[in-house]
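Heads up, the thing below is written out as structure tokens.
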Amino acid sequence: MVGGGITGALCALQFAQAGVDTVLLAGGPVGYGGTSHSAGVLQADPAGGLQELSRRIGVDRAVKVVGQCFRAMDELEELAAACAASSGFTRRDSLSFVDSEDLADGINDEYLLKKHNGFPVELVSREQARDLYSFDLECGLLSRGTAATVDPYLLTHGALAAAEKAGARIYENTVVEDISQEGARRMLATSVRHTVTASTVVVAIGLDCCDFLKGSGSRRTCFAVATRPAESLSGWTDGCVIHHVGRPEITFSVTPQGRILASGLDTGLIDRNRRMAGFLPLDVLAGKKFAHLEEEVTRMFPGIRETQPEYAYTADFLQTEDGLPVIGAQENYPNCYFALCPSENGILFSQVAARLLLQLYRGEDGENADLYTPGRL
């Protein structure tokens, strides 16, 4: 395994528990990188909703994806419960809402599609919302038990502790500088002057996977602010995960420490030099985005006193054309599997990737493998 984030950790756990001789190499401390920037929100709903995914890959295939996400949610809940240290995993409801009458039809259509396919959903009207939430909504869709929040850093460490107990060997601060082929095996040269010989390599290095998987998607930047811990969640029934559909696209969640986390306002205009469209520094844009998120938190939850942000940060992620992760083999790299899970629902898809890659390693027909293969892009 190459990569010390949540994806690499869950893959290492799956392989080690299956009795596979497993070594994980992390370029830095485990749980850092993209994992540490994750909002820690898990949603069985695909990004953009079931309608959007159905338009891209078909209804039957989209329902299969959601089914895999539900299974992954249950598995991660079991993992979190078994960890010695708490990762704050909390199962939650999910509310998607619009505040414009022009967008209400989309919510109704999403409701009908999910209801028809057996998902636990309820429509929330403007009148019903007044008794539940402190913000105005035109129409909402409440999905029961389809979301969760977790501390991704602690979950990563919990997964790696379980993997180590199952026999995995884990090396932090060990950069893989070169992967070469010798016969049927792969040789991994590391920064600590040791070489690892492997029959199969799983590459789970986040956005750096794009160096191997050309054309896999577009790079995007997300913005987030986190408040100080709130004493109560007045106007926010059950602390459900809330997603504002339309413009602006913002997700509101409650961290395991009780902070309000607002994330979104994504842009694809930030380049690798951290400048917008090549000339505007990210700091200038980020300041405006953070102020916008702060205003939205205050507007949405006027009854909560602790809405001043204590932390603000940006996170980069990959957006594939169909919104799904990239999991599987790439013909240009024999004996290698890739697991590139977009940060939007990336934690759930990391668990999907771990199970699928173990199936492929064993020579089995991976469950819905064609939905995620690099060759589809």
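Quick notes
- Here the label points at residue 367 and residue 249, each 7 Å from Cα along the C-beta direction, are separated by 2.7 nm in the simple model.
- Largest accessible area first, the residues 300, 1 order themselves as 1, 300 under a 1.4 Å probe with ligands, DNA and RNA left out.
- The chain, accessible surface, carbon-and-sulfur percent (1.4 angstrom probe): 47 percent
- Euclidean distance between Cα centres, segment 82-151 to segment 216-264, Å: 13 Å
- Taken about its Cα centre, the chain carries a charge dipole of about 760 debye when Lys and Arg each add +1 at the Cβ and Asp and Glu each add -1 at the Cβ.
- Each peptide in 347-355, 10-18 gets a packing score, the mean of other Cβ atoms within 10 Å over its residues, and the list from highest to lowest is 347-355, 10-18.
- The amide H of residue 5, built 1.01 Å from its N in the peptide plane, has 31 as neighbours under 5 Å, considering only residues 5 or more places off or on other chains.
- Cα long-axis angle, helix 6-17 against the chain (0 to 90 degrees, to the nearest 10): 50 degrees
- Remark on the chain: Rg and Dmax equal 20.7, 68 Å (Cα only).
- Per-residue ³J(HN,Hα) for segment 359-368, Karplus 6.51 cos²θ - 1.76 cosθ + 1.60, θ = phi - 60°, Hz, x for Gly and Pro: 4, 5, 4, 7, x, 8, 6, x, 5, 6
- Cut-off under 5 Å, modelled amide H: who pairs with residue 202 long-range: 2, 337
- Secondary structure note: in the chain, about 85% of the DSSP beta bridges are antiparallel.
- Average projected area [Cα convex hull, segment 114-265], square nanometres: 14.6 nm²
- Sequence-ordered 3J(HN,Hα) estimates for segment 150-155 from the Karplus curve with 6.51, -1.76 and 1.60 and θ = phi - 60° stand at 7, 8, x, 5, 5, 5 Hz, glycine and proline given as x.
- Local net charge near residue 361, Cβ-Cβ under 14 Å (Lys/Arg +1, Asp/Glu -1): -1
- Solvent exposure of residue 358, expressed as accessible area, is near 10 Å², computed with a probe of 1.4 Å over the protein chains only.
- Remark: the chain carries 45 Å² of accessible area per residue (probe radius 1.4 Å; ligands, DNA and RNA excluded).
- Here each label is just a point 7 Å from Cα along the line to Cβ, and for residue 99 and residue 267 those points are 2.1 nm apart.
- Extension gain, residue 175 to residue 83: 0.36 nm times the residue separation minus the Cα-Cα distance gives 30.4 nm.
- For residue 145, distant residues with modelled amide H under 5 Å away: 93, 94
The values are calculated or read from the model by the stated rules, or taken from the named source; none is laboratory data. Note that the structure is predicted; figures quoted are calculated from it, not measured. Here Cβ is always computed from backbone atoms with ideal geometry, including for glycine, and neighbour counts include all displayed protein chains. Remember, those area values only see protein heavy atoms, side chains included, never the ligands or the DNA or RNA. Shrake-Rupley method; radii C 1.70, N 1.55, O 1.52, S 1.80 Å.
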